[in-house]
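Structure first, commentary second.
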Amino acid sequence: DAGVTQSPTHLIKTRGQQVTLRCSPISGHKSVSWYQQVLGQGPQFIFQYYEKEERGRGNFPDRFSARQFPNYSSELNVNALLLGDSALYLCASSFRETRGQPQHFGDGTRLSIL
Amino acid sequence: AQSVTQLGSHVSVSEGALVLLRCNYSSSVPPYLFWYVQYPNQGLQLLLKYTSAATLVKGINGFEAEFKKSETSFHLTKPSAHMSDAAEYFCAVLEWAGANNLFFGTGTRLTVIP
């Protein structure tokens, strides 16, 4: 079975632009979470979606938004890009949203802002 | 609020030696704790998890971790290091607050010396 897939793998943008990152969860998984990993740090939680509804949001500005589609895939959108948005963006899926469900990560999208 | 502290951003061991990576947590609720490994240019792979069952948890690739409530610790060990263990290791704590989101430590980079 395929794992969590993310696209694109690398992306270069300039300040002020907008970007959309995509994630396909493991087949059968209904929950998707997004994390930002800045170089040299641990991942930081951005969003969790379950059954197309937002179930949690981390401490990120409103420039960050996401959605989940009926097939459980997800998109993360970031508007008005800043240099500080340069990071590895990780998507994780789990079977359900309940506490303790193990999360399986994709290889991420590396976003570079010039 | 939940938090995780990983002592030692870099750990070096000789091949065949004991691996010990330290993690201390702070949690206002009974914690669910995880160890993830990240190889270069990849996402995170779950090594093991503690979810209030046995305090000694065995994971993949010969790793194990012991939950010690009195010390608020969840250290990761492996009896004999292998060259393939060289990677970044992250300890994480889970908080149930309507979402299954993980709080990660800053990571420990393990180097294995031949």
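The values are calculated or read from the model by the stated rules, or taken from the named source; none is laboratory data. Worth saying up front: this structure is predicted, and the values here are computed from it rather than measured. Neighbour counts are summed over all protein chains in view; Cβ atoms, including those assigned to glycine, are modelled from backbone coordinates with ideal geometry. These accessible areas exclude ligands, DNA and RNA; they are computed on the full protein's heavy atoms, side chains included. Shrake-Rupley method; radii C 1.70, N 1.55, O 1.52, S 1.80 Å.
With viscosity set to 0.692 mPa s and temperature to 37 °C, compute the Stokes-Einstein D of the range B:3-96, Rh being the Kirkwood radius across alpha carbon pairs; µm²/s, no decimals.
Using the Kirkwood radius from Cα pairs, D works out to 242 µm²/s.
Altogether, the Stokes-Einstein calculation at 4 °C and 1.567 mPa s, with the Kirkwood radius of the protein assembly as shown over Cα pairs as Rh, returns a diffusion coefficient of 72 µm²/s.
Averaged over its residues, the range B:18-114 has an accessible area of 44 Å² per residue, based on protein heavy atoms and a 1.4 Å probe. Only Cα sites of the range A:11-54 enter the Debye sum here, all with the same form factor; the resulting log10 I(q)/I(0) across q = 0.33 1/Å is -1.15, listed in q order. Only lysine pairs 8 or more places apart, or on different chains, with alpha-carbon atoms under 21 angstrom apart are counted in the protein assembly as shown, and they number 11. Across the accessible surface of the range B:1-56, with the other protein chains kept in place and a 1.4 Å probe, carbon and sulfur atoms take up 52 percent. Near the amide H of A:ALA66, within less than 5 Å, lie the amide hydrogens of A:ASN77, all on another chain or at least 5 residues away, with H placed in the peptide plane. The contact between chain B and chain A removes approximately 1800 Å² from the accessible area (both sides summed; 1.4 Å probe; ligands, DNA and RNA excluded). Across all directions, the average projected area of the convex hull around the alpha carbons of the range A:67-114 is 4.4 nm².
Enter the accessible area per residue of chain A (Å², integer; probe 1.4 Å; all protein chains in place).
In whole numbers, chain A has 47 Å² accessible per residue.
Relative contact order, percent, of chain A when contacts are C-alpha pairs under 8 Å separated by at least 6 residues?
After rounding, I find 37 percent.
Expressed as a whole percent, the accessible area of the range A:12-114 that falls on carbon and sulfur atoms is 47 (1.4 Å probe). Working note: Debye formula, equal point scatterers on the alpha-carbon atoms of chain A, no solvent; log10 I(q)/I(0) at q = 0.23 Å⁻¹ is -1.33. A DSSP coil position with no more than 12 other Cβ atoms inside 10 Å describes the following trypsin sites (Lys or Arg not before Pro) in the range B:5-74: B:LYS69.
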